[in-house]
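Scroll down for the structure; my scribbles are underneath it.
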Amino acid sequence: MWHTNLTTKKHRFSENSVFLRFFEEGEERFDTQQLAGQWPTIFGNQNSLVLELAAGRAEYSRGLAKTFPDKNFVAVDIKGHRLRYGVRDAIENKLQNIWFLRTIIHHLDHYFAENEVEEIRIVHPDPRPKGRDERRRLTHGRFLAMYERVLKPGWLLRLKTDDVDLFDYSLGSLAEHGWTIIDQTRDLYQSPLLADHHGIRTHYEQRFVEQGRTIHYLVAKKL
Ligand SMILES: C[S@@+](CC[C@H](N)C(=O)[O-])C[C@H]1O[C@@H](n2cnc3c(N)ncnc32)[C@H](O)[C@@H]1O
């Protein structure tokens with residue numbers, strides 16, 4: 001049973017262990033197939049659940065977790081070393097409301113139950129400009145279908161990118177799959193929507209801004 005596993009592991013690892021906040025696909029430590037629907041148990045509360053996809057070091061969701069201690073965050077990425085950096089920082093800063101999940105986003109619905117998530121944030125994903133990589137863009141229809149399954153009906157998907165082609169593609173893909181764009185800007189730093197980001201700027205974004213690139217941002221929901 002999931003809960004028993006978690007309790008046992010908490011005893012086995014020290015408080016400083018990165019393992020306390022990190023799940024990795026295929027690891028033997030936990031049956032990760034049992035995570036869907038178990039996040040309230042994992043966090044120990046019923047607070048709303050926010051996902052950051054393609055999170056890298058999860059600077060963004062760590063910032064949100066500090067800003068919103070009454071929400072739970074899961075940062076997802078395929079690169080374990082990047083996520084582990086985030087785990088160490090979260091533990092040092094005693095953030096209780098964030099976990100880290102190493103998996104490919106294609107498997108998202110193995111880990112989150114239908115209607116379990118209140119918000120998905122995607123910050124500076126790889127733009128995947130080549131036509132042959134279209135299916136790997138995180139706003140391709142196959143990902144949108146997955147987001148729709150795990151999100152509570154009518155809750156939000158937020159995308160931030162410096163890449164105009166990915167932004168345009170995403171607007172088209174969202175419209176094609178029946179999502180409504182409720183807010184958007186092509187210049188976030190000149191927009192009141194900047195407030196949605198609570199002053200959090202990832203390493204990538206810092207670089208883009210220094211290069212003079214404008215940041216695009218949209219908020220979408222599926223009714
Ligand atoms: C450009 S980085 C952005 C990281 C972070 N969002 C930021 O702004 O600092 C893109 C991240 O997406 C991750 N990624 C790309 N495609 C992925 C996929 N299909 N599944 C999981 N992670 C993915 C990469 O490992 C990388 O860490």
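The values are calculated or read from the model by the stated rules, or taken from the named source; none is laboratory data. In this text the structure is predicted, and so the values were computed from the model without any measurement. Every residue, glycine among them, receives a Cβ derived from its backbone with ideal geometry; neighbour counts consider all protein chains shown.
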Scanning the stretch 89-134 residue by residue, those hydrophobic (A, V, I, L, M, F, W, C) and in a helix (DSSP H, G or I) turn out to be A90, I91, I105, L108
Taking the stretch 85-108 and keeping residues basic (K, R) and farther than 26 Å from R137 by Cβ leaves R88, K94
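Yes/no per residue for (1) within 10 Å of the ligand (Cβ to nearest atom); (2) over 18 Å from A220 (Cβ atoms):
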{"site": "N115", "(1), (2)": "no, no"}
{"site": "G131", "(1), (2)": "no, yes"}
{"site": "R136", "(1), (2)": "yes, yes"}
{"site": "E148", "(1), (2)": "no, no"}
Exactly one of V164, V219 is modelled with pLDDT of 95 or more, under 18 Å from S61 (Cβ atoms) and of a type in the set (A, V, I, L, M), and that residue is V219
Picked from the stretch 82-98 (must be free of Cβ contacts under 8 Å to residues at least 40 places away in the same chain and within 16 Å of the ligand (Cβ to nearest atom)), the residue surrounded by the fewest Cβ atoms within 10 Å (Cβ to Cβ) is D89
Of the candidates L53, L101, the one satisfying the condition of being under 13 Å from the mean Cα position of the chain (by Cα), within 10 Å of the ligand (Cβ to nearest atom) and farther than 22 Å from V219 by Cα is L101
Within the stretch 207-223, of all residues that are over 19 Å from the mean Cα position of the chain (by Cα) and on the phi < 0 side of the Ramachandran plot, the one farthest from the ligand (Cβ to nearest atom) is L223
Scanning the stretch 57-88 residue by residue, those over 21 Å from L156 (Cα atoms) and in a loop (DSSP other than H, G, I, E, B) turn out to be R57, I78, K79
- Is it the case that D165 is more than 11 Å from the ligand (Cβ to nearest atom), among the charged types (D, E, K, R) and either in contact with a helix residue (DSSP H, G or I) (Cβ under 6 Å, 6 or more places away or on another chain) or in contact (Cβ under 8 Å) with a residue 24 or more places away in the chain (or both)? yes
Of the residues in the stretch 193-206 that are assigned to a loop (DSSP other than H, G, I, E, B) and farther than 16 Å from E119 by Cα, the one that is nearest to the ligand (Cβ to nearest atom) is T202
Here the residues within the stretch 61-81 that are near the ligand (Cβ under 10 Å from one of its atoms) and crowded, with 18+ Cβ neighbours inside 10 Å are S61, A75, V76, D77
